[in-house]
Structure formats: C-alpha cells, structure tokens
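Chemist: A single structure is presented below for examination.
None of the figures in this text is laboratory data; all of them are computed from the coordinates on show. As the structure is a prediction and not an experimental result, all values here were calculated from the model. Cβ sites come from the backbone with ideal geometry, for glycine too, and all protein chains shown count toward neighbours.
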Amino acid sequence: MTSTDAVILVGGLGTRLKPLTLSAPKPMLPTAGVPLLTHLITRIRDAGVTHIVLGTSYRAEVFSGHFGDGAPLGVELEYVVEVEPLGTGGAIRNVAGRLRGDTVLVFNGDVISGADLPALMAVHEQADADVTLHLTRVADPRAFGCVPTDAEGRVTAFLEKDPDPVTDQIHAGAYVVKRSVIDSIPEGRPVSVERETFPGLLAAGARVMAHVDAGYWRDLGTPGDFVAGSADLVQGIAPSSALPGPTGPALTLPGAHVDPTATLRGGATIGAGAVVGAGAVVDGSVLFDGAVIGDGATVTRSVVGFGARIGAGTVLDDVVIGDRAVLGAGLELRAGARVWPGAQLADGAIRFSAG
Ligand code: GDD
Ligand code: MG
C-alpha cells in the first residue's frame, strides 16, 4: 500500500447544529459516548492508515486538547490550524507540508460510514487515478455534491448542492488524491474542493474515478441526522470500533443514574453523570454529560446539552437543548425547536404541538 497519510477536514463552523456548536466544533460533539471524530479516526486506523493530519480552524484547540498525539487511539495525529477558514480545498493545501506519501486519503470530519476504504484505495491504484471519490446513493441529493459517472466508473461532473440533481449518487466525503493534485491547489486563499478543484480537474481532463459503496453512510450535519447517526451507532446499525460499550437499545455511560422505572430505547445515549428520573422515557436521543431529565419527562429524537435540566413531565420531540439550559415542568417543545445555552423556561411556559 502506498497510502501513508490521511487528512481530516474539521474546520467548519457547524452552523446547522447551533447552539451545540457554540462551544464545541461539530466533530467533537459526543456521539454514542465519544467525540464524533473518534469513530472516523478508528475507522481510518482499522484500514491501516495511522498518520492522520487534522485541518482545523474553528475552535482548533479543542481537538488537540482531547486527542493529543493520538497514541491512545493507536495513531499519530498532527494538527494544522487555519487562522481564517480556507475552505475544504484550501485546508488540504494548507496541510501539504505534513504529508509523507504520494497518495492521500481525505475525509470530511462529520460523516459516519461503513464504506470499504481498502476497496476505495484499490480502485484508485488500479485506475492510476488523480482522484478517486467514495460515492453513496441518497434519496435526496440536493444537500450534497451530485456526482454522475460513466459506464467505466469515471466521474463526468461534480455538481455541488445542485437543486436539480441528475443522479442519486453523491460525494460521500471521502476521497483518495495524488499528492501532485494537492500541490496544484492555489495557496493562501480560500478554495472549495467541491466547487473549484474537482470541477477544474474534470475540465482539464484529469482522471477522476468513483467507487460507489452501498455500506452505511450518514452526514451528521443537522440535528436530525446527528441524533439518528448516534442512535444507529448505539444499536450497531452503523459500524464503529470506538463504541464505549456493547451495542443495544441504549448506551449508559459510567456515572449516569437511570431510575429503574425509566425507559431507554431507540439507541439513546445517557452521558456520564446524567440523571433520568422515575417514569421518564428517553428515545433515540443524546443526553450529554450531566444532563438531568425530570420524572415522567419524554425525550424523543432530541439532544440535551451538557448539564441542561428538563423538568418533570416535559415533552421534547426533535429539539436541541443548549448546555446548562433549565426547562421547567409541563413544557412541550417539538419540531426543530432550539433552546440556547443557559436559557431558563418557567413551568408550562411553552406548549407547542405541530399540526
Ligand atoms: N479545515 C477546514 N477549513 N475544514 C472545513 C472548512 C474550512 O474552511 N469548511 C468546512 N470544513 C470541513 C467541515 O468541518 C466538515 O468536516 C467538512 O469540511 C465538510 O463541510 P460541511 O459543512 O459538513 O459540508 P457539507 O456537508 O455541506 O457538504 C460536504 O459533504 C457532503 C457529504 O457529507 C461536501 O463535500 C459535499 O460534496 C458532500 O456531498
Ligand atoms: Mg457535512
């Protein structure tokens, strides 16, 4: 194998996951008990690539503070910080000085996937490609990079966020590139690999190949996808060797206290030191460390931030509760509601039911 380096892009602002990403970058959010990025790092390691460079920008210090030199995960981690975000292509160019091999694996940092990385690398080598993209099929490609291919598996176009997609094949956020391609990206200014580099390579006749993989795949960029991806990891629907416990209907981290009459299901995660009261139901949701769920409360498909408190009987469905927010009893929040960190809502202050 000639691939010796992996680059993970983790500098995005995580805008769609606010307010959770006000304090932590998206790839560091607790996902099935560990930072989201841990699942990707261990997947890269398991594919035999152990030198990993993180292209950071937003809240760069949080990554090195948690992962250090990578040794506990069996990898060698390096960090490169962008003072101003350089975009996906600019971020790759910016780490070039740390790369050791002629072939580089690049990953978006917010994807959970079971794709066969050795198979992706094999396609790249056999085709002697400049770039080989991992593609997956989705029901609605409009939020992604739409990537049509020809009968030989060669990429014919790269259409980022196309409102009228020509195929259901999308860029899955993992690709193999030749070092020479990285060196050709302009330095010192923002570059989008999706909007500039890939279309430019195709226009210039470069050899861009595709590897379509039918394995598990999800981008965790929105609250709905974040809770669904976490629940899939907990239940073993999404593969990971980083899960801190056995797969099952729920993952309860050490130091959590769950009342014996509470119900945990749907791949819920109960963070360290979190409390779930009598008769409460936590379904397919993520409770960060220290969250407190009152007696009889129901939390479905939602994220409850660090140390947030949910009052007795309150119903949360498809909502995001910021860190340390305090919600009273008898509230009802649904359908994408977001409560900002530290906010306080009095008993019964909000009762909302969609439809
Ligand atoms: N270092 C750095 N600097 N990283 C960045 C920057 C930057 O300026 N901007 C974004 N990133 C990182 C994000 O942290 C994320 O891990 C990754 O690049 C992709 O950014 P997203 O903001 O998540 O993009 P997206 O989900 O809308 O679209 C991308 O991913 C889709 C698949 O999940 C594109 O690559 C699409 O083509 C693709 O289909
Ligand atoms: Mg994304």
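Chemist: Within a Cβ distance under 15 Å of T222, other residues only, what is the Lys/Arg minus Asp/Glu net charge?
Modeler: Around T222, the surrounding residues sum to +2.
Chemist: Additional query: Dipole of the stretch 249-353 (Lys/Arg Cβ +1, Asp/Glu Cβ -1, origin at the Cα centre): which of I321, A272, T261 lies farthest to the positive side?
Modeler: About the Cα centre, the residue reaching furthest to the positive side is I321.
Chemist: Per-residue ellipticity at 222 nm for the chain, helices alone: DSSP H runs ≥ 4 residues times -39500 (n - 2.57), over residue total, nearest 500 deg cm²/dmol?
Modeler: Calculated mean residue ellipticity at 222 nm is -5000 deg cm²/dmol.
Chemist: Further, regarding this structure: Considering only the chain, what is the antiparallel percent among its DSSP beta bridges, to the nearest 5?
Modeler: Looking only at bridges with both residues in the chain, the antiparallel portion is about 25 percent.
Chemist: Right, something else. Could you tell me which residue out of P35, G294, S23 lies farthest along the dipole of the chain toward its positive end? Charges go on the beta carbon: Lys and Arg +1, Asp and Glu -1, centred on the Cα centre.
Modeler: Positive-end residue among those listed: G294.
Chemist: Could I have the simple spin-label model distance between A214 and V83, label points 7 Å from Cα toward Cβ, reported in nm to one decimal?
Modeler: Once both label points are built, they end up 5.1 nm from each other.
Chemist: Additional query: Just from the alpha-carbon atoms, what are the Rg and Dmax of the stretch 5-219 in angstroms?
Modeler: Calculated on Cα positions, Rg and Dmax stand at 16.2, 46 Å.
Chemist: Mind checking the dipole of the chain: about its Cα centre, +1 per Lys or Arg Cβ, -1 per Asp or Glu Cβ, Debye to the nearest 20?
Modeler: 540
Chemist: Using Cα pairs under 8 angstrom and six or more residues apart, how large is the relative contact order of the chain, in percent?
Modeler: Relative CO of the chain lands at 14 percent.
Chemist: I've got another one for you. How far is the Cα center of the stretch 2-45 from the Cα center of the stretch 313-331, in Å?
Modeler: 26
Chemist: Can you tell me the equivalent ellipsoid semi-axes for the stretch 249-353? Use √(5λ) from the Cα gyration tensor, largest first, whole Å.
Modeler: 19, 14, 12
Chemist: Moving on to the next point. K18: which aspartates and glutamates have alpha carbons under 15 Å from its alpha carbon, excluding same-chain residues fewer than 8 sequence positions away?
Modeler: D110, D225, D318, D323
Chemist: For the stretch 249-353, what relative contact order do you get, as a whole percent, if you take Cα pairs closer than 8 Å and at least 6 residues apart?
Modeler: Relative contact order, the stretch 249-353: 17 percent.
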